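Single-structure report; data block below.
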Amino acid sequence: MTTTPTPAASSGSNLIERAKNLILTPSAEWDRIAGETPNTGGLITGYVAPLSAIAAIAGAVGLMIVTGFLGFGGAGVVGALIGIVVQVVCTIIAVFLVSLLINALAPTFGSTADQGRAFQLAAYYPTPAWVAAIATIIPVIGGLVALAGAIYAIYELYVGLPRLMKTPEDKRVAYTAAIIIILLLIGAILYWIVFATILHGMMGLGAMALSTPK
């Protein structure tokens with residue numbers, strides 16, 4: 001199959017178009033992705049980092065609203081910024097780990113091991129989760145929207161596996177389930193790291209702000 005270069009990573013319009021297509025027309029978009037040459041660096045800087053950063057910013061603002069730390073002004077913002085950076089870094093690390101997992105499991109499920117394709121899959125399939133996470137800026141309701149996005153991301157993985165990893169039809173469910181189970185373990189660890197960092201940062205800096213003489 002003829003491959004084409006991955007769209008320019010620096011283009012915001014490409015990011016928006018890809019995210020929209022993955023959500024609205026996943027099968028057609030995964031076919032398009034399968035026709036592109038894997039570009040790990042471009043995917044990180046042009047897709048994973050910016051999209052996860054937007055989701056992280058929304059989540060941090062929502063958390064500050066819930067905990068009431070907006071009253072601490074700059075201190076709360078600094079703590080949130082630290083958490084955002086940690087979340088983006090953790091997300092990039094998670095994408096790498098998931099791509100390694102996808103590639104390592106490929107032979108077990110009759111699929112073709114290809115680290116470049118595995119990274120494409122790991123970078124793109126969480127798209128609905130990242131986009132839906134923007135809604136977490138609205139407490140409670142945003143959490144439900146984010147949950148729906150995470151569930152839809154599982155479907156994205158299911159659709160992408162045969163196109164990128166050449167997974168046989170009778171192995172798709174088992175392959176998807178194996179990835180998700182391990183991913184849930186990784187995600188739980190990363191979530192608590194990020195949550196603890198944001199909360200600790202806002203509480204510590206907020207306390208400093210309150211104790212500083214006016």
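Some points to look at:
- Criterion: in a helix (DSSP H, G or I) and buried (at least 18 other Cβ atoms within 10 Å of the Cβ) - qualifying residue of ALA148, ALA132, ALA178: ALA132
- Residue in the range 159-168 that is touching a helix residue (DSSP H, G or I) at 6+ places or on another chain (Cβ under 9 Å), surrounded by 22 or more Cβ atoms within 10 Å (Cβ to Cβ), of a type outside the set (Val, Ile, Thr) and outside any helix (DSSP H, G or I) present: yes
- Against the conditions (1) modelled with pLDDT of 95 or more; (2) on the phi < 0 side of the Ramachandran plot, LYS166 satisfies every one except (2).
- In the range 80-99, the condition of being outside any helix (DSSP H, G or I), more than 10 Å from the chain's Cα centre (by Cα) and in contact (Cβ under 8 Å) with a residue 60 or more places away in the chain is met by no residue.
- Odd one out for ALA148 among (1) within 25 Å of GLY42 (Cα to Cα); (2) hydrophobic (A, V, I, L, M, F, W, C); (3) at pLDDT 95 or above: (1)
- Checked against (1) under 21 Å from VAL85 (Cα atoms); (2) modelled with pLDDT of 95 or more, ALA133 passes all but a single condition, namely (2).
- Taking the range 70-79 as the range and being buried (at least 23 other Cβ atoms within 10 Å of the Cβ) and at pLDDT 70 or above as the test, only GLY79 passes.
- ILE141 meets each of the listed conditions (1) over 23 Å from THR37 (Cβ atoms); (2) in contact (Cβ under 8 Å) with a residue 24 or more places away in the chain; (3) surrounded by fewer than 18 Cβ atoms within 10 Å (Cβ to Cβ) apart from (2).
The values are calculated or read from the model by the stated rules, or taken from the named source; none is laboratory data. All values reported here derive from a predicted model rather than from experimental measurement. Please note: Cβ atoms are built from the backbone with ideal geometry, for glycine as well, and neighbour counts cover all protein chains shown.
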